[in-house]
Amino acid sequence: GVLSWQGRAVFAPGALYIAAACLCWGIDNNLSGRLSAADPVRIAMIKGIVAGTVNLLAALWFQHAGWPGAGIVAAAGAVGFLGYGVSLVLFMLGLRHLGAARTGAYFALAPFVGAVVSVVLFHAHDVGRLLVAGVLMGVGLWLHLSERHAHTHEHEEMEHTHRHVHDAHHQHAHGPDDPPGEPHTHRHRHTRLVHAHPHYPDLHHRHTHDDGHGHDHGGHDHVHVA
């Protein structure tokens, strides 16, 4: 809102497209969070192949200027490798350890890096609004980083596969075919565990909360901010 303000409020179709894109991104983040225990490289590869194929077909359908040169193709590939491939792998790891809301909030700061670069490269005007928006985003990031959430919670029995070390949540015996050393990846079973410690809504802490009045709320609705 701060970045797009032009002195008056205007209802335009473009705003709906932006809101729809944000909604789709939020749905995608939550669905991807369900897959965060899987190999992040494989997830990124599958999503990249599917999305890349769709985008390439759309470009071939709508293009009018012919094929780009080899240099542009190489540059686009490098940007895609870093901005989509590596970024998506890190994003999936963030979903695994932080949950969808926090990971989305952290990654949403990325456009401000691009905005700052654009100010330097293209000498964009109206830097004041960019600074105000950046401060607002920074406050939101600080609220996430300063949050401390701890209470007694129960881990139900479950079995899955992901990369792990033998911490408090991974006390299990190994079979003869399981890999040695840590961290390692193999299918393992979690036994029921009840304990209390500071935690995020990560892969092992997606539980509901009781507010003390018999009302059960969704995961991490009640937080304590230091």
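The values are calculated or read from the model by the stated rules, or taken from the named source; none is laboratory data. In this text, all values refer to a predicted model and were calculated from it rather than measured experimentally. Glycine gets a Cβ as well: all are built from the backbone with ideal geometry, and neighbour counts include every protein chain shown. In case anyone asks, the SASA skips ligands and DNA or RNA and just uses the protein heavy atoms, side chains included. Shrake-Rupley method; radii C 1.70, N 1.55, O 1.52, S 1.80 Å.
Any idea what angle helix 127-145 forms with the longest principal axis of the chain, computed on alpha-carbon atoms, 0 to 90 degrees, nearest 10? Once rounded, one gets 10 degrees. Amide H contacts of His190: Met158, Glu159, His160, each under 5 Å away and 5 or more positions distant or on a separate chain (H built 1.01 Å from N in the peptide plane; Pro and chain starts excluded). On the basis of the beta-carbon distance and an R0 of 35 Å, His174 and Val86 show a calculated FRET efficiency of 0.65. Spin-label model, Ile72 to Met45: label points 7 Å out along the Cα-to-beta-carbon direction sit 3.0 nm apart. Using a simple spin-label model with pseudo-atoms 7 Å out from Cα toward Cβ, Leu109 and Thr208 lie 3.4 nm apart.
For the peptides 9-18, 87-96, residues were scored by their other Cβ atoms within 10 Å and the scores averaged per peptide; the highest-first order is 87-96, 9-18. With all protein chains in place and a 1.4 Å probe, the accessible surface of region 1-158 carries 75 percent carbon and sulfur. Annotation: average projected area of the chain is 18.8 square nanometres, based on the convex hull of Cα atoms across all directions.
Using only alpha-carbon positions in region 89-146, the gyration tensor eigenvalues give semi-axes of 26, 14, 6 Å once each is multiplied by 5 and square-rooted (largest first).
Only Lys, Arg, Asp and Glu carry charge here, each on its Cβ (+1 for the first two, -1 for the last two); on that basis region 100-187 has a dipole of about 640 debye about its Cα centre. Rounded to whole Å, the principal axis extents of the Cα atoms in region 95-202 read 63, 32, 18, largest first.
Working from Cα pairs under 8 Å separated by at least six residues, relative contact order for the chain is 22 percent. Rounded to the nearest 10 degrees, the inclination of helix 110-122 to the longest alpha-carbon principal axis of the chain is 30 degrees. Say we join alpha carbon atoms closer than 10 Å with springs in a Gaussian network model of the chain; which of Ala37, Ala70, Ala115 then has the biggest fluctuation? Comparing Ala37, Ala70, Ala115 in a Gaussian network model of the chain, the most mobile one is Ala70. Treating r as the C-beta distance of Val132 and Ala15 and R0 as 22 Å, the FRET efficiency rounds to 0.70. Placing +1 on each Lys and Arg Cβ and -1 on each Asp and Glu Cβ, with no other charges, gives the chain a dipole about its Cα centre of roughly 780 debye. When the Cα positions of Leu88, Val194, His164 are compared along the charge dipole of the chain, Leu88 comes out farthest toward the positive end, with charges on each C-beta of Lys, Arg, Asp and Glu. Give the accessible surface of the chain per residue, rounded to a whole number of Å², with probe radius 1.4 Å and ligands, DNA and RNA excluded. The answer is 68 Å² per residue. Working note: 222 nm ellipticity from helices only, DSSP H runs with n ≥ 4, each -39,500 (n - 2.57), summed and divided by the residues of the chain, gives -15500 deg cm²/dmol to the nearest 500. With axes computed from alpha carbons, what is the tilt in degrees of helix 13-33 against the longest principal axis of the chain, rounded to the nearest 10 within 0 to 90? For helix 13-33, the angle is close to 30 degrees.
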